[in-house]
Structure formats: C-alpha cells, structure tokens
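This report refers to the structure that appears directly beneath it.
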Amino acid sequence: MKTFRTIFLLLFLFFSNYLFAQIKFSLATDISLLHNFDGTQKFTVIGQTLIPQWHFDKKTTVYAWFSYHGYGKYESTLTATAKSPGTQPQSFSFTSQSQMRLRQLSIGLKKYLIGSFEKLEDFSLYGAGGFGLMMGTASNNFSTFIDTALYTIQNNSVHGTGDFKRLTFDLTAGVDFPVSYELFVYTEVRVHIPTTSYPNSYLLKNSNAPFLGGINLGIRVLFSADP
C-alpha cells in the first residue's frame, strides 16, 4: 500500500507539473485605500495586497489574494441604561474610541472583457468575482468605567479587544496598462460584501458589517516561461 501511494504521488506530481506548465503565471502587488461603509464604524485605511494569478487562456484567470491593512479608527457615542429602576442615573452617555484591523483571503475568477492578460497595446479591462474570508481584530476603549452588573450598554458593546471572522463575496473591476513585455500597471475598484453576521461584542454593528470598498493601484509581473 505504501508503494502504491508513492507511485500515485509521483504520477500526480508529474501530471500536475505538465498541466500547470501549460498555464502562464503572474504575481501582482498593490497599495490599497480601503473604506468601511457600514455606517456605525466608518473609517478609511491604507493596506497592501499580494495576488498570485494563473492564466488558463487569454481571457480567463484564476486568482488568490491576501491583503492586510493598518488600524482603522472611529469614535462613537453610546448609552448605558440601568437594569434596575432603583439605579441612578437611569442612563448616561459616554464615548468609545475604537479601532479595527483587517486581513483578507479571497479566491476567485477574473475575466478579461477587453484585451487579455498579456496584451501589449493600449489597455485591458476585466471584471472578477470570488469568495473570501475576512479576519479582523476590533477594540473599544470606553471613556468611563461601566459597571455591567448595573447597566446594559448600547449594542451590547464591551470594553477591550477581540477577534472576529466574516465570509465575504468579493467583486472587482479593473484596468491593466502594459509597461513592457512582462510588466503591467493596474488599478482596481473592489467591493467586499459580508455574507455572514456572527454576533461579536467588540463590533458596534454586526449585520452587514464591515461593508468594505477600496481603490487599488499596483504592478503585475508576468512569468511567461514556456515548457
């Protein structure tokens, strides 16, 4: 059985190398300006994306990208409400200084609508769609101590730092500009739509949040070695 597995693995590697030798490969990286549109936790932050791409034909590309961003900061005014009628004051407002940091993974398909991944004249236009995993860290710093045994905090928010995850549907529209035979400059608009809303006490809003959009500017290097 061990010998069979070894032979199978060697054959799999051989045919995989042969198959992917027929596919051209690009590696791209860009600077991203990301904005959170969810209304309660608005911020704009700079980040970076790394994108390996496999070109199956002139119009069809499979990609997998990883992005990371700095801390987006936002401020909110929240209300603490007494749990008991005998507690005074019955309610009061306070400030929460918050921040959020995001890392994202996404796998999807890119289709060139005008031109192709290797077109050297003018520009190429493409659209892309994929599914991703958003991994975030959020923190809240309340302006005053809240005794949670006596008060309920608006949106069930808590003081401190915690992690959260979201599955996303990622949409992209972009333009490629050739610089040389193997080097391209591109710009993209991306939208990241959350498809899950798992409750998390470190987020001031959980439903359809964070709802992200961004503008990216980067370079793509085409590795065009033939078998």
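Derivation of every value follows stated rules applied to the coordinates shown; laboratory data play no part. As the structure is a computational prediction, the values presented were derived from the model and not from experiment. All Cβ positions, glycine included, derive from the backbone under ideal geometry; neighbour counts span all protein chains shown.
Stick to the Cα atoms of region 23-223, pair each with every other, and give me the Kirkwood hydrodynamic radius in Å at one decimal.
Values: mean 1/r = 0.0536 Å⁻¹.
Here the Kirkwood hydrodynamic radius works out to 18.6 Å.
For a protection proxy built on the mean count of beta-carbon atoms within 10 angstrom, sort 52-60, 124-132, 78-86 highest first, please. Before the final figure, lay out each step's value.
Details: 52-60: 15.0, 124-132: 17.7, 78-86: 13.2.
So the order, starting with the most tightly packed, is 124-132, 52-60, 78-86.
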When a footprinting reagent is the concern and you count Cβ atoms within 10 Å, what order do Glu118, Glu75 take, fewest first? Glu75, Glu118
Taking neighbour Cβ counts within 10 Å as the exposure measure, how do Ser207, Ser201 sort from fewest upward? Ser207, Ser201
